[in-house]
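Student: Below you will find the structure I want to go over with you.
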Amino acid sequence: MSVIKFLSDLIKEPSPPGEEGGVASIIKEEISRLGVDEVRIDHIGNVIARVERSGDRLILLDAHMDTVPAGDRGAWRRDPFSGEVVNGHVYGRGSVDTKGSLAAMVYSIPLLSERGPDLVYAFVVHEEDHEGFGVRHVINSMEKPDLVILGEPTSLNIARGHRGRAEVLVEFRGRAAHSSMPELGVNCLYELCEYLEELKGVEMPSHPLLGSASVSPVRVDVSPGLIPMIPDYCALLLDRRTLPGESREYVEGQLRGRVVRRVLRCYTGYEEEVEAWFPAWINEGPLVSRLASELGAGIMIWRFGTDGSYTAGEAGIETIGYGPGDQEAAHRPDEMVRVDEVERATRGYAKIVNSFSHVF
C-alpha cells in the first residue's frame with residue numbers, strides 16, 4: 001500500500017468526533033504492518049504507537065482522526081467520502097484536516113534512521129470539538145516529551161502558534177407573560193440586543209505575531225421560544241479568540257459570562273466533563289528557525305486552534321506544527337490536499353525527527 005492509498009482509505013471511513021473507531025482500526029493495522037515497537041488503542045480511543053531508538057530524547061507526533069461533518073452534500077462536486085485522486089489532489093472530508101498529515105506520519109516510519117530520539121505517534125480523538133482532549137490523555141500516560149509535532153495543515157511550512165479560544169455563555173433573564181400583553185412581562189431579548197450593541201465597542205488587545213483578539217456571537221437560545229409567550233430566558237454563545245496572558249477569569253469578567261462546560265463521549269464508551277477554554281501559545285525559541293532552515297520552509301501562524309493549546313499552552317512543552325495542505329481548505333466543501341505535498345510531508349517528518357538532535 002502507498003501513502004496515498006492509505007490516505008484514501010482513511011477518508012472513505014467517516015470519523016466525526018466520538019465515532020473514530022473505524023479509522024482507529026485501519027491505522028492500528030497499517031502501523032503494525034509497517035513496524036513499531038508497540039501500538040495500542042487507549043481507553044478513550046486514541047491510537048498510540050512507539051518507536052524505540054537511542055532513548056536520549058522523546059518526540060511526540062500528533063494528528064487527529066476526527067473530522068467535521070461534510071455539511072451540505074450539494075455543495076460538493078465529489079463525494080466527501082470518496083477519497084478520489086484527481087489531477088494530483090486527494091479529495092474528501094479530512095484530506096487536509098488532518099488525515100493527510102496522519103497518513104504521512106505513519107508512512108514516515110520506514111524512513112527512520114536507526115538512531116535518534118524515541119518517538120510516540122498519537123492519533124487522537126475529539127480534536128475538532130475539544131482541542132487538546134485526546135493528546136492530554138496520551139501525555140498524562142507517558143514521560144514528558146521534549147518536542148511535540150502537530151500534524152495540522154501548514155503547506156509544509158513550520159507553524160509556531162495561534163490564538164487561543166474560549167466559548168463563553170452570557171445569560172439574560174426576564175419575566176414571562178402573554179405576548180399579547182407584553183407590558184406584564186420583561187422581555188430579555190431586548191437586554192440581549194443592548195448587550196450585542198455594547199459588545200461591538202469592546203476593545204481587544206493585539207499581539208505582534210498572533211494579531212488581534214476577537215469576539216464573535218455565534219448562537220442564541222431563547223426559552224420558552226413559543227409565539228404566545230414573552231421569553232424569560234436567553235443565552236448567547238460567544239467565540240472569544242484570546243492572546244497569551246489573558247486568563248479565563250479576565251475573559252469571563254470582560255464578557256460578563258462563563259466558560260462553557262460539556263461532557264465528551266468517546267466511541268469506547270468513556271465520558272468526561274471538559275471546559276471550553278483553550279489557551280493561546282507562541283513558540284519564539286530557536287528551534288523554529290532551525291527546523292525551517294533544515295527543511296527549506298517558511299514560518300507561519302495558524303488562524304485556527306489546535307492541540308497546541310494543551311501541549312504548549314497548558315503543559316508548556318516545546319511545540320511546532322508541520323503538515324501538508326492549505327489551512328484555508330479545512331472544513332470547506334471539496335476539501336483536498338495535493339498528492340506531492342503528502343509525499344513530501346512523509347519525507348519531511350522523517351527528516352525532522354532524524355535531524356532533531358543536531359538542530360535542537
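The values are calculated or read from the model by the stated rules, or taken from the named source; none is laboratory data. For clarity, every value in this text was computed on a predicted model and none was experimentally measured. Note that each Cβ is placed from the backbone with ideal geometry, even for glycine, and that neighbours are counted across all protein chains shown. Only protein heavy atoms, including side chains, enter the accessible area calculation; ligands, DNA and RNA are left aside. Shrake-Rupley method; radii C 1.70, N 1.55, O 1.52, S 1.80 Å.
Student: Kindly check whether there is at least one residue in segment 340-351 that is surrounded by fewer than 20 Cβ atoms within 10 Å (Cβ to Cβ) and part of a loop (DSSP other than H, G, I, E, B).
Tutor: no
Student: Then there's this: Could you figure out which of (1) touching a Leu at 6+ places or on another chain (Cβ under 7 Å); (2) of a type outside the set (A, V, I, L, M); (3) at pLDDT 95 or above isn't true of Tyr107?
Tutor: Only one criterion in (1) touching a Leu at 6+ places or on another chain (Cβ under 7 Å); (2) of a type outside the set (A, V, I, L, M); (3) at pLDDT 95 or above is unmet by Tyr107, namely (1).
Student: Here is a further query. Please go through segment 159-175 and give me each residue that is closer than 23 Å to Ala297 by Cβ and open to solvent by less than 10 Å² (accessible area, probe 1.4 Å), ordered by number.
Tutor: Selection gives Ala159, Gly161, His162.
Student: Mind checking which strands (runs of 3 or more DSSP E) fall wholly inside segment 1-98 and carry at least 2 residues that are open to solvent by 10 Å² or more (accessible area, probe 1.4 Å) and of a type in the set (Val, Ile, Thr)?
Tutor: 38-41, 47-51
Student: Then there is this: Name every residue in segment 145-167 that is assigned to a loop (DSSP other than H, G, I, E, B), over 12 Å from the mean Cα position of the chain (by Cα) and of a type in the set (Asp, Glu), in order of residue number.
Tutor: Asp146
Student: Taking segment 233-257, which residues are loosely packed, with under 14 Cβ neighbours inside 10 Å, of a type outside the set (S, T, N, Q) and under 23 Å from the mean Cα position of the chain (by Cα)?
Tutor: The answer is Gly245, and nothing else.
Student: Determine, yes or no, whether Leu156 is assigned by the TED database to the domain that holds Asp129 and either open to solvent by 20 Å² or more (accessible area, probe 1.4 Å) or at pLDDT 95 or above (or both).
Tutor: Yes.
Student: May I pose another question? Of all residues being part of a strand (DSSP E or B) and open to solvent by 70 Å² or more (accessible area, probe 1.4 Å) in segment 176-216, which is nearest to Ala166 (Cα to Cα)? Just the residue, please.
Tutor: Per the criteria, the residue is Ser206.
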